[in-house]
Amino acid sequence: MTTFDTLIVNIGQMLTMDHQGTGPVRGEQLRKLPIIENAAIGIKDGRIAFIGTHDEAHELAAIAKIDAKGKLVTPGLVDPHTHLVFGGSRENELALKQQGIPYLEILERGGGILSTVQATREASEEQLLEKARLHLDRILSYGITTVEAKSGYGLDHETELKQLRVVKKLNETHPIDLVSTFLGAHAIPEEYKGRATEFLIFMEQLLAQIKEEELAEFVDVFCETGVFSVEQSRAFLTTAKENGFDVKIHADEIDPLGGTELAVELEAISGDHLVGTSDEGIQRLAESNTMAVLLPGTSFYLGKEKNARAREMIDAGVAVALSTDFNPGSSPTENLQLIMSLAALKLKMTPEEIWYAVTVNAAYAIKRESVAGKIKLNRPADVVIWDAPNYSYIPYHYGVNHVNTVLKQGKVVFKRGSQG
C-alpha cells in the first residue's frame, strides 16, 4: 500500500477546478464548479496522488496528516499580470491625486512612472532582489502560487536585463513559480521623448540576448494613447514573435485604439486591461484563443468610474482571467482576494466565474495550464486551505486575508500565525 507524504483530510468543500473539456473555461462551462464535499487529498513526491472523500482516505497511510477541519480547499491561485520588480515607491503621489493634480503635472514634478524608472535604475540587483522577495512573500501569503512578472521600469538595456535577472533568480530560489515577461516597451523615457519608434528599435536590440539567457518567455507592449500606437505595437511584437517569443499586450486601457483587435490578430496569449475595448474587440476575443486579463484593482485605485465590460465579455464567450496588476503607481496591492471582491462588486462576475478567472483561466493566460490552476492527479500539489466554509465566502468577505495554509509542491510554505 502506498504511503503518502501528506494526507489532507476532513476537507469541507474542495474545488478541484478540473472542469470537463479542453481549453480555457468560457460560456456555459462557467456556471458550475467541480466540487467534492467531505474530501481528502493525498500527496506523494510533491504531486497529487489521491483525490477522494474523507471516508475513502480513512485507511490510507501517510507520514503527515493535515486536518482541514471542514474548511474550503482549492488549487493555489494564479496571478497572470504583475510588475513585481521595481525600485522605490510612490506613496507621496496619492495626496497629489486627491488634490486633483493631473498625472502629466505629477510627471513634470519628477513623479509618475519615470520616478520609478529612476529608482529602479539606481537600485542594485541585490536591492531589487530583496525588495521583490518581500513582495513575493506577501503574494504567497494570499494563496498565490504562480505569478507572472514583467520588467519595464528600466527603459534602457542595463536595467531591463537587471529586472529580468532578478525574476530568474527568484524563480530559482522562491517557492512561487515565476513566469517572466519583457516589457521594455512600457513607456517612453525622457531621452527618447518624441521618438517612440526609435525607442522600440532600441528595445528590439535586447531580444536576442533575452532569448539566449532565457530571461523571458513573453514580450509585452503598452499600446495606448501617448505611448505606442497600434502600428508601432504591431511592428514591435511581430519582431518579438520572429525571435521566438509569445506575446501579450497592454491593450485599450483608456481609449479604444484597437489594441484588443491587434492582440487577436497576432494570436497574443492575452490582451490585458481592456477597459476601453470596443464591441468589435469583444467579438474578436470571443472568436479567438486570446485570453482577456482584467484588472479591476487598477480602475479602483485610480478612481475610475469605468471598468472593463466583464459581463458583456463573458456573455459573448470571451475567456476571462483576473489579476492584481501589482505595481507601484496604479495598483499597489499583492492581494488577489481583494481583486476577487472587486470583480464581484465592480465587474458583476459571479463567484463561479471569479474562481475560474483566478485558477484555470489565469493559468492559460501565462501558458501554465498543464501545471497550475487545478487539483488533479499527477499535477504539482499547489493547494490552499482557507479559513472559509465555502467558495462564495472569499469574494463576499472583502479586504482581509482568508488563507490558513499554503502548500507548494506538497510542502507547507505558509501557515497563518507562523509567518507573514
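Structure above, values below:
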| quantity | calculated |
| --- | --- |
| Residue match in segment 78-90 (condition: at pLDDT 95 or above, surrounded by fewer than 18 Cβ atoms within 10 Å (Cβ to Cβ) and within 27 Å of Thr333 (Cβ to Cβ)) | yes |
| Residue check, Leu140 touching a residue at least 60 places away in the same chain (Cβ under 8 Å) and buried (at least 17 other Cβ atoms within 10 Å of the Cβ) | yes |
| Selection count, segment 1-46, where residues are among the basic types (Lys, Arg) and buried (at least 16 other Cβ atoms within 10 Å of the Cβ) | 2 |
| Test: residue in segment 10-28 that is in contact with a strand residue (DSSP E or B) (Cβ under 9 Å, 6 or more places away or on another chain), among the small types (Gly, Ala, Ser) and closer than 20 Å to Lys411 by Cβ | no |
| Sole residue being under 21 Å from His273 (Cβ atoms), modelled with pLDDT of 95 or more, of a type in the set (A, V, I, L, M, F, W, C) and in contact with a Cys (Cβ under 9 Å, 6 or more places away or on another chain), chosen from Val221, Val230 | Val230 |
| Matching residues, segment 338-350, being out of contact with any helix residue (DSSP H, G or I) (no Cβ under 6 Å at 6 or more places or on another chain) and part of a helix (DSSP H, G or I) | Leu338, Leu345 |
| Hits in segment 111-133 (condition: within 18 Å of His157 (Cα to Cα), out of contact with any Asp or Glu (no Cβ under 9 Å at 6 or more places or on another chain) and charged (D, E, K, R)) | Glu122, Glu125, Glu126 |
| Members of segment 244-261 that are modelled with pLDDT of 95 or more and either touching a Pro at 6+ places or on another chain (Cβ under 8 Å) or under 16 Å from Ala185 (Cα atoms) (or both) | Phe245, Asp246, Val247, Lys248, Ile249, His250, Ala251, Asp252, Gly259 |
| Helices (runs of 4 or more DSSP H) fully within segment 165-244 counting 2 or more residues that are surrounded by fewer than 22 Cβ atoms within 10 Å (Cβ to Cβ) and touching a Phe, Trp or Tyr at 6+ places or on another chain (Cβ under 9 Å) | 196-204, 207-212 |
| Residues satisfying the stated conditions in segment 398-420, i.e. in contact with a Leu (Cβ under 8 Å, 6 or more places away or on another chain), part of a strand (DSSP E or B) and closer than 17 Å to Trp355 by Cβ | Val406 |
| Any hit, segment 363-381, residues being in a helix (DSSP H, G or I) and at pLDDT 95 or above | yes |
| Candidates Gly276, Gly271, Gly297, Gly303 - the one that is modelled with pLDDT of 95 or more, more than 14 Å from Pro256 (Cα to Cα) and out of contact with any Gly (no Cβ under 6 Å at 6 or more places or on another chain) | Gly297 |
| Among (1) at pLDDT 95 or above; (2) under 25 Å from the mean Cα position of the chain (by Cα) - the single one Leu114 does not satisfy | (1) |
| Verdict on Thr22 being among the hydroxyl-bearing types (Ser, Thr, Tyr), in contact with a Pro (Cβ under 6 Å, 6 or more places away or on another chain) and under 19 Å from Ala362 (Cα atoms) | no |
| Segment 250-270 - residue that is among the β-branched types (Val, Ile, Thr) and over 15 Å from Ala216 (Cβ atoms) and, of those, surrounded by the fewest Cβ atoms within 10 Å (Cβ to Cβ) | Ile254 |
| Elements of type helices (runs of 4 or more DSSP H) contained in segment 4-123, each with 2 or more residues being charged (D, E, K, R) and in contact (Cβ under 8 Å) with a residue 40 or more places away in the chain | 92-98 |
| Some residue of segment 147-158 being part of a strand (DSSP E or B) and under 13 Å from Leu215 (Cβ atoms) | yes |
| Search result, residues across segment 201-256 that are aromatic (Phe, Trp, Tyr), more than 23 Å from Val166 (Cα to Cα) and under 21 Å from the mean Cα position of the chain (by Cα) | none |
| Selected residue (criterion: nearest to Pro80 (Cα to Cα)) from residues of segment 382-397 that are outside any strand (DSSP E or B) and within 19 Å of the chain's Cα centre (by Cα) | Asp382 |
| Condition met for Leu140 (outside any loop (DSSP other than H, G, I, E, B), of a type outside the set (Lys, Arg) and modelled with pLDDT of 95 or more) | yes |
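Quick grid of which residues meet (1) touching a helix residue (DSSP H, G or I) at 6+ places or on another chain (Cβ under 8 Å); (2) small (Gly, Ala, Ser); (3) at pLDDT below 95:
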site: Ile11; (1), (2), (3): no, no, no
site: Thr22; (1), (2), (3): no, no, yes
site: Leu33; (1), (2), (3): yes, no, no
site: Ile48; (1), (2), (3): no, no, no
site: Ile51; (1), (2), (3): no, no, no
site: Ala61; (1), (2), (3): no, yes, no
site: Lys65; (1), (2), (3): no, no, no
site: Lys69; (1), (2), (3): no, no, no
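The values are calculated or read from the model by the stated rules, or taken from the named source; none is laboratory data. Predicted, not measured: the structure shown is a model, and the values here were computed from it. Positions of Cβ are backbone-derived with ideal geometry, glycine not excepted, and every protein chain shown enters the neighbour counts.
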